[in-house]
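> Here it is: the structure, laid out below.
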Amino acid sequence: MAYLLRSDVPEEGMERKPRPGEVPGQLSDNLRANALDAGLVNMKRPSRTPNSLKALQSIVHAREIGLSAELRDALYVAYWEDGKDIGQLGVVREVAEATGIEWAPLDEALGNSRHMETVLREFQEGRDLGFNGIPAFVIGNMKFTGAQPMELFRQVAERAEAMLEADPQAFAGEWRVR
């Protein structure tokens, strides 16, 4: 689902100020450890914070043609590994086309903000569920945010699996999966 982490970022994006003790371009020790545990060896801290509205609308567009996971993953790589500003239309175009998405229909959808209502609705749904950060996860009846160790995902998944074995209807209708 779409989630605007920083709705205050101007359309052109902004320089990212390092947090205290943070080395520009590098992940914090905790985030780096979690990234490595998940197999993400090339992750680095981008120098700019993008306005993500175009990227989020593009993912909604890609969802309609069955390529949302591919585009989302490619945008993550562009931002977290390549340091590209995914708020820039040229970057969105480059990544979308490399993912196999035809640019003309996506450009038209972005030009008339066709998916903006969906992005804002999904953002509000996340807020209504109590999320205030990304990435956000729902596994079974547990929800959490932020970069977490892989061991936490394993433990939560095992717990949810045990609950489903005990009661196959344990989570029926409770959450939508996208």
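Residue-wise test of (1) assigned to a loop (DSSP other than H, G, I, E, B); (2) within 24 Å of Leu71 (Cβ to Cβ); (3) touching a residue at least 60 places away in the same chain (Cβ under 8 Å).
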position: Tyr3; (1), (2), (3): yes, yes, yes
position: Arg6; (1), (2), (3): yes, yes, no
position: Val9; (1), (2), (3): yes, yes, yes
position: Pro18; (1), (2), (3): yes, no, no
position: Glu22; (1), (2), (3): yes, no, no
position: Gln26; (1), (2), (3): yes, no, no
position: Leu31; (1), (2), (3): no, yes, yes
position: Leu36; (1), (2), (3): no, no, no
position: Asn42; (1), (2), (3): yes, yes, no
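> For Ala96, indicate whether it is touching a Ser or Thr at 6+ places or on another chain (Cβ under 8 Å) and at pLDDT 90 or above.
Details: touching a Ser or Thr at 6+ places or on another chain (Cβ under 8 Å): yes; at pLDDT 90 or above: yes.
Spelling it out, Ala96 is indeed touching a Ser or Thr at 6+ places or on another chain (Cβ under 8 Å) and at pLDDT 90 or above.
> Quick test for you: out of Ala78, Ala69, pick the one residue that is outside the structural domain of Pro149 (by TED's automatic domain parsing), surrounded by fewer than 17 Cβ atoms within 10 Å (Cβ to Cβ) and at pLDDT 90 or above. Please lay out each step first, then the result.
Working: Ala78 fails: surrounded by fewer than 17 Cβ atoms within 10 Å (Cβ to Cβ).
Only one candidate passes the filter, namely Ala69.
> A follow-up question, please. Given (1) within 30 Å of Arg32 (Cβ to Cβ); (2) touching a Lys or Arg at 6+ places or on another chain (Cβ under 7 Å), where does Gly133 come up short, assuming only one miss?
(2)
> Ok, one more. Quick one: which residue in Ala62, Ala160 is aliphatic (A, V, I, L, M), outside the structural domain of Val41 (by TED's automatic domain parsing) and assigned to a helix (DSSP H, G or I)?
Working: Ala62 fails: outside the structural domain of Val41 (by TED's automatic domain parsing).
Result: Ala160 is the single residue among Ala62, Ala160 that is aliphatic (A, V, I, L, M), outside the structural domain of Val41 (by TED's automatic domain parsing) and assigned to a helix (DSSP H, G or I).
> May I pose another question? Looking for something closer than 20 Å to Trp103 by Cα, among the polar types (S, T, N, Q) and either within 15 Å of the chain's Cα centre (by Cα) or modelled with pLDDT under 85 (or both) - is there at least one such residue anywhere in the stretch 11-28?
Initial filter on the stretch 11-28 (closer than 20 Å to Trp103 by Cα): none.
There is no residue in the stretch 11-28 that is closer than 20 Å to Trp103 by Cα, among the polar types (S, T, N, Q) and either within 15 Å of the chain's Cα centre (by Cα) or modelled with pLDDT under 85 (or both).
> Give the stretch 32-43 a look and list any residue that's at pLDDT below 80 and crowded, with 16+ Cβ neighbours inside 10 Å, or say none.
Selection gives Asn34, Ala35, Leu40.
> Hey, among Leu110, Leu120, Leu152, Leu106, which residue is surrounded by 14 or more Cβ atoms within 10 Å (Cβ to Cβ) and within 15 Å of the chain's Cα centre (by Cα)? Explain how you work it out, then say what you get.
Details: Leu110 fails: within 15 Å of the chain's Cα centre (by Cα); Leu152 fails: within 15 Å of the chain's Cα centre (by Cα); Leu106 fails: within 15 Å of the chain's Cα centre (by Cα).
None of the others qualify; the one that does is Leu120.
> Name every residue in the stretch 136-157 that is assigned to a loop (DSSP other than H, G, I, E, B) and within 18 Å of Ala35 (Cα to Cα), in order of residue number.
In the first step, residues of the stretch 136-157 are kept if they are assigned to a loop (DSSP other than H, G, I, E, B); the result is 140-141, 146-149.
Once the filter is applied, which keeps residues that are assigned to a loop (DSSP other than H, G, I, E, B) and within 18 Å of Ala35 (Cα to Cα), the stretch 136-157 yields Gly146, Ala147, Gln148, Pro149.
> Any residue at all in the stretch 103-124 that is assigned to a helix (DSSP H, G or I), closer than 26 Å to Leu31 by Cβ, assigned by TED's automatic domain parsing to the domain that holds Arg32 and not β-branched (Val, Ile, Thr)?
So far as the stretch 103-124 goes, yes, one or more of its residues are assigned to a helix (DSSP H, G or I), closer than 26 Å to Leu31 by Cβ, assigned by TED's automatic domain parsing to the domain that holds Arg32 and not β-branched (Val, Ile, Thr).
> Conditions: (1) at pLDDT 95 or above; (2) in contact with a helix residue (DSSP H, G or I) (Cβ under 9 Å, 6 or more places away or on another chain); (3) closer than 19 Å to Ala2 by Cβ. Asn112 meets all but one. Number of the miss?
(2)
> Hey, among the residues in the stretch 81-93 that are assigned to a loop (DSSP other than H, G, I, E, B), more than 14 Å from the chain's Cα centre (by Cα) and not charged (D, E, K, R), which one's modelled with the lowest pLDDT? First the steps, then the outcome.
Within the stretch 81-93, the subset assigned to a loop (DSSP other than H, G, I, E, B) is 82-88.
Still in the running and more than 14 Å from the chain's Cα centre (by Cα): 82-85, 88.
Okay, now just the ones that are also not charged (D, E, K, R), so 83, 88.
Working: Gly83: 89, Gln88: 95.
Restricting to residues being assigned to a loop (DSSP other than H, G, I, E, B), more than 14 Å from the chain's Cα centre (by Cα) and not charged (D, E, K, R), the top hit is Gly83.
The values are calculated or read from the model by the stated rules, or taken from the named source; none is laboratory data. Just so it is clear, the model here is predicted, and its values are computed rather than measured. For neighbour counting, all protein chains shown are included, and Cβ atoms are generated from backbone atoms with ideal geometry for every residue, glycine included.
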